[in-house]
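In what follows, a single structure is set out as C-alpha cells and then discussed.
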Amino acid sequence: MRLALFDQDRIGLVDGDQLVDVTELLAGPGPYGPAGPLHRHIELGGALPADLSGLPRTPLADARLEAPLPRPGKIVGAPVNYLDHKAEMAYPTSIAELGVFLKANSSVIGPGRDVLLPYRDLRTDQEGELAVVIGRTAHHVPAADALSHVFGYTCLLDITVRSTEDRSTRKSYDTFTPLGPWITTADEVPDPDALDLRCAVAGEQRQHTSTADLIFGVAELIAYTSSVMTLHPGDVIATGTPAGVGPIRHGDRITVDIERIGRLEVGVDGGRATPYAERPGRRVRTAD
Ligand code: MN
C-alpha cells in the first residue's frame, strides 16, 4: 500500500488515481501534533486496513501532498555508501569507517515545495536516495532480522552544502530533506537491495543506480545503525547516494524516481541566499 499525507493532517491510501481517506481508521482521532497522523499510525503498530468501502475519496491530482512524515523522530544518514560516489568525491573511506550521521528532523519538506539555497557563493548539491521508514523498535538487531523492522520505503533528497562544516551542519538547513511522495509499505518491496533509482535536475538525469550497489545494503545498514542507537517507529534512514551529485540552482526542478515507490519532485529557490562570509558566528575569539 502507498500511504500519503495530504491536506496537512489526513492520511490518504493511494488507490489508482484516488486517495482514500483512512485517517481515523489508521491513527484514531486528532489532533496529531507536528509528527503527523502517519507517524502515530506507525507507532500504533502500522496495521493496514482490510476494507476501504464507504470511506471518503478525493482525486489524487487535486490533493496537496505533504511529506508523509513531516517531523521524523530522527533522520539517520549514510555517508559514502556507494563505491561510485566514493570515487567521484575522492573520499579515502566509506561508511564502513565513517559510520552514520544525523540530519535535523526540522529539515523535512514535502513534494512540490522548494529547497531554499542558504548561500549565493557556495555549492549546494542534490543527493537522491532511498529512504527506509522504521516500523518496529530496533536495538542490536541482526541483519537477518533487520527487514522485519521496516514499515516502508520512500524517496529522499539529502541536500548538502559543500563546505568545511560537519556533515550534520551541511545537511541540516531547513528544507534540506525533501521526503515523499508517500510511503510504500514493506510488503510491496520484497527486496530493497534491487531497486532502480534515478535522479534528475532541470530535466537532465544525473544519477542512475540500482540499490544493489549499496556498500551497506538496507538490512546491514539497519543492523549497524541499531548497534549504535535505538531506532524507533517513524525514524527515517537515508541509505546514501550514488555518483552524479552536482550543484542545484535557483529555478531548478529536482526529481527522484525509485522503482516500486514513485517520484518525488521539488523546486529550488535561491532568492534568499546570502554570501557565506556574512553568516553568523564567523568571528573567532582570540587569546588577546
Ligand atoms: Mn547522502
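Every residue in region 66-88 that is open to solvent by 60 Å² or more (accessible area, probe 1.4 Å), touching a Ser or Thr at 6+ places or on another chain (Cβ under 9 Å) and not in a loop (DSSP other than H, G, I, E, B), please.
Across region 66-88, the qualifying residues are 83, 84.
Within region 89-111, being within 13 Å of the ligand (Cβ to nearest atom) and either assigned to a helix (DSSP H, G or I) or within 20 Å of residue 165 (Cβ to Cβ) (or both) holds for 89, 91, 95, 98, 100, 101, 102, 103, 107.
Restricting region 142-175 to residues that are touching a Lys or Arg at 6+ places or on another chain (Cβ under 8 Å) and of a type in the set (Lys, Arg) leaves a set whose member that is nearest to the ligand (Cβ to nearest atom) is 171.
Against the definition (more than 24 Å from the chain's Cα centre (by Cα) and surrounded by 10 or more Cβ atoms within 10 Å (Cβ to Cβ)), how does residue 56 come out, yes or no?
Details: more than 24 Å from the chain's Cα centre (by Cα): yes; surrounded by 10 or more Cβ atoms within 10 Å (Cβ to Cβ): yes.
Considered against the rule, which asks whether it is more than 24 Å from the chain's Cα centre (by Cα) and surrounded by 10 or more Cβ atoms within 10 Å (Cβ to Cβ), residue 56 comes out as yes.
So that you can scan it fast, the table gives a plain yes or no per residue for (1) among the aromatic types (Phe, Trp, Tyr); (2) out of contact with any helix residue (DSSP H, G or I) (no Cβ under 8 Å at 6 or more places or on another chain); (3) within 19 Å of residue 184 (Cβ to Cβ); (4) open to solvent by 30 Å² or more (accessible area, probe 1.4 Å):
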{"site": "1", "(1), (2), (3), (4)": "no, no, yes, yes"}
{"site": "8", "(1), (2), (3), (4)": "no, yes, no, yes"}
{"site": "14", "(1), (2), (3), (4)": "no, no, yes, no"}
{"site": "38", "(1), (2), (3), (4)": "no, no, yes, no"}
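Within region 16-36, the only residue that satisfies the criterion of being touching a residue at least 24 places away in the same chain (Cβ under 8 Å), under 19 Å from residue 234 (Cβ atoms) and surrounded by fewer than 16 Cβ atoms within 10 Å (Cβ to Cβ) is 34. Residues that are part of a loop (DSSP other than H, G, I, E, B) and more than 18 Å from the chain's Cα centre (by Cα) within region 9-44 comprise 9, 16, 17, 22, 28, 29, 30, 31, 32, 33, 44, listed in sequence order. On the stretch given as region 95-115, residues that are among the small types (Gly, Ala, Ser) and open to solvent by 10 Å² or more (accessible area, probe 1.4 Å) total 4. Residues in region 240-263 that are within 16 Å of the ligand (Cβ to nearest atom) and touching a Ser or Thr at 6+ places or on another chain (Cβ under 7 Å): 242, 247, 248.
Pull up region 116-134, narrow it to residues that are of a type in the set (Asp, Glu) and within 16 Å of the ligand (Cβ to nearest atom), then point me to the one that is surrounded by the most Cβ atoms within 10 Å (Cβ to Cβ).
Of region 116-134, the ones of a type in the set (Asp, Glu) are 121, 125, 127, 129.
Remaining after also requiring within 16 Å of the ligand (Cβ to nearest atom): 125, 127, 129.
Working: 125: 19, 127: 24, 129: 28.
Step by step, filter region 116-134, then rank; the result is 129.
Is it true that residue 63 is open to solvent by less than 30 Å² (accessible area, probe 1.4 Å), without any contact (Cβ under 8 Å) to a residue 60 or more places away in the chain and hydrophobic (A, V, I, L, M, F, W, C)? Outline the logic, then answer.
Working: open to solvent by less than 30 Å² (accessible area, probe 1.4 Å): yes; without any contact (Cβ under 8 Å) to a residue 60 or more places away in the chain: yes; hydrophobic (A, V, I, L, M, F, W, C): yes.
Yes; evaluated as a whole, the condition is true for this residue.
Residues in region 176-194 that are more than 16 Å from the ligand (Cβ to nearest atom) and part of a loop (DSSP other than H, G, I, E, B) were compared, and the one that is farthest from residue 248 (Cα to Cα) is 190.
The values are calculated or read from the model by the stated rules, or taken from the named source; none is laboratory data. Remember, it's a predicted structure, so these values are computed and weren't measured experimentally. Every residue, glycine among them, receives a Cβ derived from its backbone with ideal geometry; neighbour counts consider all protein chains shown. All accessible areas refer to the heavy atoms of the entire protein, side chains included, with ligands and DNA or RNA removed. Shrake-Rupley method; radii C 1.70, N 1.55, O 1.52, S 1.80 Å.
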